[in-house]
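What follows is a set of notes on a single structure, which appears directly below.
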Amino acid sequence: MRLLLPLWPLLAAVATVAAPAAHAELDRESLVRIGASVLKVEAERPQGGFSLGSAVVVAPERAVTNCHVTRESSRVRLTRGELRLNVTAISADPAHDLCLLHVPGLKAGPVAMGSTAGLELRQPVTALGYTGGMGLQNSSGSVVALHRLDGAQVVQSSNWFTSGASGGGLFDDSMQLVGVLTFRLRGGRAHYFSAPVEWIAPLLAAPGSPVAPLPAEALAYWQLPAVEQPEFLREMSPVPVANRP
């Protein structure tokens, strides 16, 4: 039995996490430039402490993250170094596990938006996020599979990432955002999944709501009971168990 796991429980340097195999990587200058638009998310939890994640700036004063990072919180901040900015509203798409954060005063520039439609198997991709909730890290890898879902393609890749990287960015070799790091399957070195960048567009046009916990029943497609999960997940594991954050 495999477990579906969330990735959670400016930049002087960007740490690199080795991938299982060698791949073409973005050059350091490009990583620093993109890294300026990837920030840490701190979401206060009702029981105390914080849920930590990552967010990518996708429009002026707007950054996208995973809803499973912020879902329990009534207070969310974006941080980078000494910078602390309060999120004033959220446009949420819980079914796809994407939440757009409205952040007045956010000066970081938006990343370039790509598309999953042009991705190919074995194409190099780079993941950027606050793995472990500490410094920004990058992980090189490649596209393992593309899973059609709701008008776009969920990207399965070999990029290693874990706790704190939820909401980080998956970039192609043209430095364009193609996915948002979301969850992993336990037990495999190539079982890392990113939400397609195409799912962000509707959120950019949606009004925001005050920051507040999401309803308990508002689950992402990968958090649903096994029989309700998309076919590609059911095929990977006969009885996958969704771990809610």
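The values are calculated or read from the model by the stated rules, or taken from the named source; none is laboratory data. Remember, it's a predicted structure, so these values are computed and weren't measured experimentally. Neighbour counts run over all protein chains shown; Cβ positions are idealised from the backbone, glycine included.
Considering only the stretch 118-132, state which residues are assigned to a loop (DSSP other than H, G, I, E, B) and either at positive phi or of a type outside the set (D, E, K, R) (or both).
GLY118, LEU119, LEU121, ARG122, GLN123, TYR130
In the stretch 227-245, the residues that are more than 30 Å from GLU44 (Cβ to Cβ) and of a type in the set (Phe, Trp, Tyr) reach residues that are at pLDDT 95 or above and not in a loop (DSSP other than H, G, I, E, B) with C-beta atoms within less than 6 angstrom, at least six apart or across chains, in these pairs: PHE232/HIS147. Among what's in the stretch 127-172 and is touching a His at 6+ places or on another chain (Cβ under 9 Å) and over 24 Å from ALA220 (Cβ atoms), pick the residue that is modelled with the highest pLDDT. Among those residues, the one meeting the criterion is SER142.
Restricting the first member to the stretch 77-103 and to residues that are at positive phi and crowded, with 18+ Cβ neighbours inside 10 Å, and the second to residues that are not basic (Lys, Arg) and not in a loop (DSSP other than H, G, I, E, B), the beta-carbon pairs closer than 7 Å and six or more apart or on different chains are ASP97/CYS67; ASP97/HIS68; ASP97/THR182; ASP97/ALA195.
Among the candidates VAL103, VAL125, the residue that is among the β-branched types (Val, Ile, Thr) and farther than 29 Å from GLY208 by Cα is uniquely VAL125.
To keep it simple, each residue is scored yes or no on (1) more than 22 Å from GLU61 (Cα to Cα); (2) surrounded by fewer than 19 Cβ atoms within 10 Å (Cβ to Cβ).
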position: MET113; (1), (2): no, yes
position: VAL125; (1), (2): yes, no
position: LEU128; (1), (2): no, no
position: ASN138; (1), (2): yes, no
position: ALA145; (1), (2): yes, yes
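Among the numbered conditions (1) closer than 30 Å to PRO215 by Cα; (2) at pLDDT below 95; (3) part of a loop (DSSP other than H, G, I, E, B), the only one that PRO110 does not meet is (2). Close Cβ contacts (under 6 Å, 6 or more residues apart or on different chains) running from residues in the stretch 190-204 that are under 15 Å from ASN66 (Cα atoms) to residues that are of a type in the set (Asp, Glu) comprise LEU203/ASP93. Touching a Lys or Arg at 6+ places or on another chain (Cβ under 7 Å) and either over 24 Å from THR79 (Cβ atoms) or not in a loop (DSSP other than H, G, I, E, B) (or both): is that true of GLN156 in this structure? Here the answer is no, as GLN156 does not meet what is asked. In a residue-by-residue description of the stretch 143-158, the property of being of a type in the set (A, V, I, L, M, F, W, C) and out of contact with any strand residue (DSSP E or B) (no Cβ under 6 Å at 6 or more places or on another chain) applies to at least one position.
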